[in-house]
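Peer 1: Here it is, the structure in full.
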Amino acid sequence: MVHLSRLKIVLIGLALVSMVFGAPAVFASVPGAHVLLHLDTDQVRSRRLEAMRDQIRTLLRDAEPKINYNGLVVSGLTVQLRTNDAAQVEAAKVALKAVVDPIAGKEGPVQEFALDDSEPGLLKFTMTDAGAKYRTSAALTQSIEVIKNRLNELGVADATVQLTDDGILVQAPGVADLHGLAQTLARQGRLRFQLVDTSMPVDDAVNGQPPAGSTVLYTPDGPPVPYLIEDRVLVSGDSVLDAKATHDSSTEQFVVAFRLDSKGTQRFKWATTRNIGKPFAVILDDQVISAPIIREPIENGTAQISGNFTAQSAKEFAVLLRTGALPARLTIVEEAR
């Protein structure tokens with residue numbers, strides 16, 4: 001089981017490393033065991049709405065001629081904005097046509113968002129019931145695939161995963177540490193690299209108002225340490241091609257080495273080249289794991305994370321990176337034998 005709250009992970013100098021491959025962990029066998037997991041559908045919807053807000057911002061930014069607007073926010077199940085010039089309302093609707101165009105679902109086209117322009121100058125894009133159902137179904141499918149991949153990488157034999165009326169049922173008769181397995185399966189595993197905002201002291205942000213575009217996040221330590229983090233994600237875990245646990249003979253520590261795809265490599269190079277001397281936060285599941293200073297550009301898209309790993313925890317941490325993030329939180333509803 002990965003106890004991230006006990007990890008003191010440091011990105012060693014953001015140094016280049018060679019990937020070293022390790023064997024998956026295998027759990028001891030005992031008869032009969034299952035875990036029931038519940039998907040946080042509220043978070044599925046909220047993340048989709050946030051993504052739609054960002055898409056709208058991009059579409060309006062790229063529109064020609066330029067469209068002036070304000071008040072782009074998520075409110076409930078609606079993304080809304082106001083246009084300063086009433087004459088630009090139609091231009092905005094044309095630029096945002098893709099938002100209300102039907103998307104391809106398994107059973108036919110689905111209109112995910114509906115436009116309400118009844119109030120002058122106000123455009124409201126509301127998620128439909130069909131859209132919410134589509135996104136929930138897709139998130140459940142993705143969650144099941146991630147769980148299956150994690151079970152396979154962990155070496156859990158004879159496990160089955162199925163969707164029931166009560167949630168996602170994982171039957172793992174060969175597992176002794178059922179709670180440890182459940183915790184690993186339920187971890188979101190969302191890895192992000194973001195810059196630390198040094199424009200103001202973090203204590204001022206905690207006690208007052210963080211600057212626009214930044215958020216206070218905390219380490220998993222006790223007591224937690226606050227960091228002011230820029231909201232812009234420079235590189236995400238979606239770009240991780242591979243992650244392996246290994247042993248660093250020079251430090252006698254267990255480490256996790258990872259390799260990025262071509263897009264992630266270019267983004268990593270761009271970010272580390274332009275921000276030398278600045279702290280670069282490693283964030284897992286909205287917790288700051290470490291915030292090392294960028295010493296030099298990382299050009300080949302390979303680096304290593306090191307810290308208070310055991311052989312087992314390093315392997316399981318690598319599994320989270322290798323199998324990808326869950327689309328939303330999973331709650332452990334039941335563990336039983």
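Peer 1: For a quick check of your reading of the model, give me the residue pairs whose first member lies in the stretch 299-327 and is within 20 Å of Arg190 (Cβ to Cβ) and of a type in the set (Val, Ile, Thr), whose second is modelled with pLDDT of 90 or more and open to solvent by 40 Å² or more (accessible area, probe 1.4 Å), with beta-carbon atoms closer than 8 Å and at least 6 apart or on different chains.
Peer 2: Val319/Glu153; Thr323/Asn149; Thr323/Glu153
Peer 1: If I ask for residues that are touching a residue at least 40 places away in the same chain (Cβ under 8 Å) and part of a strand (DSSP E or B), which ones from the stretch 49-79 would you list?
Peer 2: Hits for the stretch 49-79 are Thr78, Val79.
Peer 1: Quickly run through the stretch 272-308 and pick out the residues that are under 15 Å from Ile229 (Cα atoms), under 20 Å from the mean Cα position of the chain (by Cα) and not in a loop (DSSP other than H, G, I, E, B).
Peer 2: Those that are under 15 Å from Ile229 (Cα atoms), under 20 Å from the mean Cα position of the chain (by Cα) and not in a loop (DSSP other than H, G, I, E, B): Phe280, Ala281, Val282, Ile283, Leu284, Gln287, Val288, Ile289, Ser290.
Peer 1: In addition: Out of the residues in the stretch 116-125 meeting the condition of being assigned to a strand (DSSP E or B) and either over 20 Å from Arg45 (Cβ atoms) or touching a Phe, Trp or Tyr at 6+ places or on another chain (Cβ under 6 Å) (or both), tell me which one is modelled with the lowest pLDDT.
Peer 2: The qualifying residue modelled with the lowest pLDDT is Leu122.
Peer 1: How many of the residues making up the stretch 95-114 are open to solvent by 40 Å² or more (accessible area, probe 1.4 Å) and either assigned to a helix (DSSP H, G or I) or in contact with a Lys or Arg (Cβ under 7 Å, 6 or more places away or on another chain) (or both)?
Peer 2: 2
Peer 1: Another question, then. Examine the stretch 264-279 for a residue that is open to solvent by less than 10 Å² (accessible area, probe 1.4 Å), small (Gly, Ala, Ser) and within 30 Å of Arg135 (Cα to Cα), and state whether such a residue exists.
Peer 2: Scanning the stretch 264-279 turns up at least one residue that is open to solvent by less than 10 Å² (accessible area, probe 1.4 Å), small (Gly, Ala, Ser) and within 30 Å of Arg135 (Cα to Cα).
Peer 1: List the strands (runs of 3 or more DSSP E) inside the stretch 153-233, counting only whole elements, that have at least 3 residues being surrounded by 19 or more Cβ atoms within 10 Å (Cβ to Cβ) and under 16 Å from the mean Cα position of the chain (by Cα).
Peer 2: 191-195
The values are calculated or read from the model by the stated rules, or taken from the named source; none is laboratory data. Just so it is clear, the structure is predicted and the values come from calculations on it, not from any experiment. Cβ sites come from the backbone with ideal geometry, for glycine too, and all protein chains shown count toward neighbours. Remember, those area values only see protein heavy atoms, side chains included, never the ligands or the DNA or RNA. Shrake-Rupley method; radii C 1.70, N 1.55, O 1.52, S 1.80 Å.
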